[in-house]
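The values are calculated or read from the model by the stated rules, or taken from the named source; none is laboratory data. From a predicted model like this one, the values you see are computed outputs, not experimental measurements. Methodologically, a virtual Cβ is constructed for each residue, glycine included, from the backbone with ideal geometry; neighbour enumeration extends over all protein chains shown. These accessible areas exclude ligands, DNA and RNA; they are computed on the full protein's heavy atoms, side chains included. Shrake-Rupley method; radii C 1.70, N 1.55, O 1.52, S 1.80 Å.
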Amino acid sequence: MKCINCGTDNNYKERVANSRRCKNCSQRFVFEPKTMLDVRFTDNFFAQLISDLSANNTLKFTEQQLFYLLNKRLIKNASTSCLSSILTFWGFIFASIGILFTRNTSGLIIMSTGILMLFGGTAIYTYEKNKKVKKSLVTPQQFRVYLNNWQSVNPIDGILTLSTQTNLPSSINSDVTAYSFDRVVVCDRAEVANLLIANNFHFENNCAVLSIDGYPANIFDTVMQMLRRNPDLKVYVLHDASPKGVSVVNTLSNNPDWFSNTSVTINDVGLLPRQMFNNSNIFVQISEDFATAAKELPLEIKQSLTEKEIQWLEAGKYAELESFTPQKLLRVITQSISKSRQSDTSSIFADNGGSDFGSGSDPCDITIYADDCFG
């Protein structure tokens, strides 16, 4: 196993003899594949995850994004299951033997059995590779142990938690509050909003970034006052494909604390269940709690979904934004803003149309667009 500090190769005996330190530079090895039980990986494997996730240390990322990438890579490495490997190996052996004795019945039977085993192994491999619901190989609890052990030796500068907020002003200058924003990105969770802010998305795209639960709390009310000054405001919504996530647009449209009785344009970027249907690369999971929550969704929210989407949610399926890399999320929302600038009626949006959400004498004119694909 190579040292992540100096690149020196240390075999198992050398690692044990040197108290799990590099024989050349004394860098401590965090993971020992020889003694790991359920999954096995090296320090270099984990370091590469961090490098890929941070785009070579140029982007910040969340702990949950690292959790997902670790599981994705481990699942990919184990995509050819033991059963698939066994069937394929013995299928090849049986088929080869059968070919040698094709002139008699036994040879034909052996060859046929081998061919069937080859097909079976291939089918299992294809299923394991393409199935959309994935089971994490590393649990959140085990991941926390791995991460703590890693950080005790190799601190990660780019990892984000809400307790280590970055790039958040304590207040907004009074000269700035006299103006407004043309755009705002609303996330269903504070962690995603913090991710965008930490990577300077708000500066580079000249827009506000908020979460549906009031993040960042110290400037939330001030930013909302600024947003309400712009009758042509465009709202971009980022959310998980979950019961809570698909409810965000409804909240923004109907809640007076947000944009009810206004004429804003809301762009539902996703994640939406229909964006999962033709994309096997999205990490879909299942939760009984989410299944219950989906069945309890109000009718007005279900009316914005297709029957297939409702069935998907009521089966307990869900996908989180943090299963994508920071680079992917930043690219998707930037592209959505760019496309909506070109035309409000662009064909990339589906299910578009105005809705009367107003309760007063003057009906509002909120227009809602939703993407059929995520990036």
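For region 265-320, with all protein chains present and a 1.4 Å probe, just round the carbon and sulfur fraction of the accessible area to a whole percent.
With neighbouring chains kept in place, the figure for region 265-320 is 44 percent.
Against the 2.2 N^0.38 Å scaling, with N counting residues, where does region 189-247 land? I'd like the Cα-based Rg ratio to two decimal places.
For region 189-247, the normalised Cα radius of gyration comes out at 1.15.
Assign unit charges at the C-beta atoms only (+1 for Lys and Arg, -1 for Asp and Glu), then state the dipole size of region 5-48 relative to its Cα centre in Debye, rounded to the nearest 20.
180 debye
Of Lys60/Lys295; Lys34/Lys317; Lys13/Lys60; Lys2/Lys72; Lys60/Lys302, which sit over 32 Å apart, Cα to Cα?
Table pairs above 32 Å Cα-Cα are Lys60/Lys295; Lys34/Lys317; Lys13/Lys60; Lys60/Lys302.
Computing the accessible area with a 1.4 Å probe over protein heavy atoms, can you report the carbon and sulfur percentage for region 1-84?
Heavy-atom surface of region 1-84 belonging to carbon and sulfur, 1.4 Å probe: 45 percent.
Which order do you get for Lys13, Lys60, Lys328, Lys295 if you rank them by accessible area with a 1.4 Å probe, largest at the top?
Ranked list, largest accessible area first: Lys13, Lys295, Lys60, Lys328.
With viscosity set to 0.692 mPa s and temperature to 37 °C, compute the Stokes-Einstein D of region 214-290, Rh being the Kirkwood radius across alpha carbon pairs; µm²/s, no decimals.
The Stokes-Einstein estimate is 229 µm²/s.
Using Cα positions and a limit of under 14 Å, work out the aspartates and glutamates in reach of Lys23, with same-chain residues fewer than 8 apart set aside.
In chain and number order, the partners are Asp9, Glu14.
What does the charge count around His239 come to, taking other residues whose C-beta lies under 10 Å from its C-beta (Lys +1, Arg +1, Asp -1, Glu -1)?
Summing Lys and Arg as +1 and Asp and Glu as -1 gives -2.
Compute the accessible area per residue over region 201-302, keeping the other protein chains in place, probe 1.4 Å, unit Å².
So region 201-302 comes to 42 Å² accessible per residue, rounded to a whole number.
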